[in-house]
1. List the residue pairs whose Cβ atoms are under 8 Å apart, where the first residue sits in region 4-16 and is not assigned by TED's automatic domain parsing to the domain that holds Ile176, the second is charged (D, E, K, R) and assigned to a helix (DSSP H, G or I), and the two are 6 or more positions apart or on different chains.
2. For Val375, only one of the following conditions fails: (1) more than 25 Å from Asp267 (Cα to Cα); (2) in the same structural domain as Ile260 (by TED's automatic domain parsing). What is its number?
3. Which residue, of Ser262, Ser258, is surrounded by 16 or more Cβ atoms within 10 Å (Cβ to Cβ) and free of Cβ contacts under 8 Å to residues at least 24 places away in the same chain?
4. Quick one: in region 339-363, which of the residues that are over 30 Å from Ala391 (Cα atoms) and of a type in the set (A, V, I, L, M, F, W, C) is farthest from the chain's Cα centre (by Cα)?
5. Looking for something out of contact with any Cys (no Cβ under 9 Å at 6 or more places or on another chain), within 18 Å of Leu240 (Cβ to Cβ), of a type in the set (Val, Ile, Thr) and surrounded by 15 or more Cβ atoms within 10 Å (Cβ to Cβ) - is there at least one such residue anywhere in region 331-349?
6. Select the helices (runs of 4 or more DSSP H) contained entirely in region 1-113, then report the ones holding at least 1 residues which are modelled with pLDDT of 80 or more and within 31 Å of the chain's Cα centre (by Cα).
7. Looking only at region 288-346, count every residue that is out of contact with any Pro (no Cβ under 8 Å at 6 or more places or on another chain), under 16 Å from Ala257 (Cβ atoms) and of a type in the set (Asp, Glu) and tell me the total.
8. On the basis of being surrounded by 10 or more Cβ atoms within 10 Å (Cβ to Cβ) and not hydroxyl-bearing (Ser, Thr, Tyr), does Leu52 make the cut?
Amino acid sequence: TLYLVHQYLKDEGYNETAQQFEAEARLSNQFAVCDNIDLYTILQEFESYYFLRFQKYPKVCKKILPGGGDAKGKLQRRPTLNENGFECNKLIATALSCPKQNNYKTPSTTKVAANSNRNRNKSFASDFDITVLPLTAPNPNVHLQPIESDLSAERIVKPIAGFDGYNGEWKEFADIISKEIFVQDLNVRWEDIMGLDEAKRLLKEAVVYPTKYPELFTGILAPWKGLLLYGPPGTGKTLLAKAVATECRTTFFNISASSIVSKWRGDSEKLVRVMFEVARYHAPSTIYIDELDALAGRRDSAAEHEASRRLKTELLVQLDGLAQSDDRVFLLATSNLPWDLDPAMLRRLEKRVLVDLPNCPARREMIKQNLPPVVLDRPRLTADLDYDKLAEKTASYSGSDIRLVCKEAAMQAMRQA
């Protein structure tokens with residue numbers, strides 16, 4: 001059984017788990033599972049046999065109630081056969097063989113009335129000191145509440161072994177792209193972002209609403225396949241991407257230049273193609289590329305290398321195919337230099353949103369969030385500020401600039417103390 005589980009982990013792509021399992025189970029390299037045997041086939045055969053015999057499929061897993069513990073961790077007694085041939089527990093078999101004080105007799109007929117059943121239950125309860133509570137009379141004052149389970153800190157994604165291209169040379173590329181899937185919870189909500197209402201609304205229309213209401217976004221109302229966030233640095237473009245990764249129920253790919261650029265000839269184009277194929281496999285997906293101008297700049301420069309031109313061409317081809325398909329894959333890109341982007345890339349990014357400097361109300365909220373009336377409890381650090389006046393004085397400041405100013409002000413107070 002251990003070898004079957006180990007082979008199943010390797011077949012499904014859980015290589016690190018398989019290595020830990022092999023080390024802990026101390027499996028020998030002298031044995032291996034036969035070619036025509038695997039754990040999935042054995043489970044499938046068991047389900048077929050169970051359905052053929054009982055006309056229903058077996059229940060392999062069950063939900064553990066909160067506070068109930070794991071029943072598998074308890075020590076269970078080996079079942080035995082009693083004198084009637086029925087399988088029972090050793091404790092019950094011993095009790096049945098002992099004489100009862102109330103001279104209980106087994107009825108001779110096969111049909112037993114309800115009163116005799118209750119008497120039998122009472123006699124067993126008196127022998128084993130067990131209190132049996134009826135399940136047929138629930139308390140009308142008890143109101144069932146739905147169980148609200150918090151989202152896990154890490155999201156669970158499908159194993160890459162089910163990907164059609166997970167073989168040969170594509171396997172290495174698929175593993176590289178799969179490492180860029182963001183599974184951690186960044187804990188950035190829409191309400192944590194001050195201002196940028198237009199950008200948040202467009203992102204919800206492009207990613208959130210099509211996932212919740214797919215029947216509304218069809219035909220001419222099909223969601224955008226690409227969105228570009230551009231503007232001055234430090235205005236919250238990356239923060240919006242973090243909110244998308246936190247709030248949206250999509251597989252989030254955080255792609256950087258090192259993820260799809262290779263020194264080997266032809267590998268960069270293959271990585272771009274595999275990236276979109278893996279995104280389709282994990283659909284609905286969001287591909288996030290920060291500083292897109294570093295990858296998709298203008299192609300009219302004479303000094304541009306051939307490898308860079310091939311990479312841009314493959315990226316444009318994949319985006320063009322994405323726009324003409326129904327795959328739920330969304331490209332989110334950011335750039336501080338939108339005028340350096342290739343015109344063909346701008347055409348494929350259907351929606352372009354300017355993330356401008358924060359307005360006066362947004363600056364006021366940023367200052368109040370970074371320097372509240374009570375900044376620290378220990379050591380005691382308070383702030384008595386005129387937030388409206390400070391918001392007017394910080395015109396043309398970005399969100400990053402405001403945070404640095406607030407941090408420096410807090411450090412000045414700390415130095416004086």
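The values are calculated or read from the model by the stated rules, or taken from the named source; none is laboratory data. Here the structure is a predicted model, which means the values were calculated and not measured. Cβ atoms come from the backbone with ideal geometry, glycine included; neighbour counts cover every protein chain shown.
1. Listed by first residue and then by second, the contacts come to His6/Glu22.
2. Failed condition: (2).
3. On inspection, the qualifying residue turns out to be Ser262.
4. Among them, the one singled out is Trp339.
5. Yes, some residue in region 331-349 is out of contact with any Cys (no Cβ under 9 Å at 6 or more places or on another chain), within 18 Å of Leu240 (Cβ to Cβ), of a type in the set (Val, Ile, Thr) and surrounded by 15 or more Cβ atoms within 10 Å (Cβ to Cβ).
6. 2-11, 15-25, 39-54
7. Adding up the residues that qualify gives 6.
8. no
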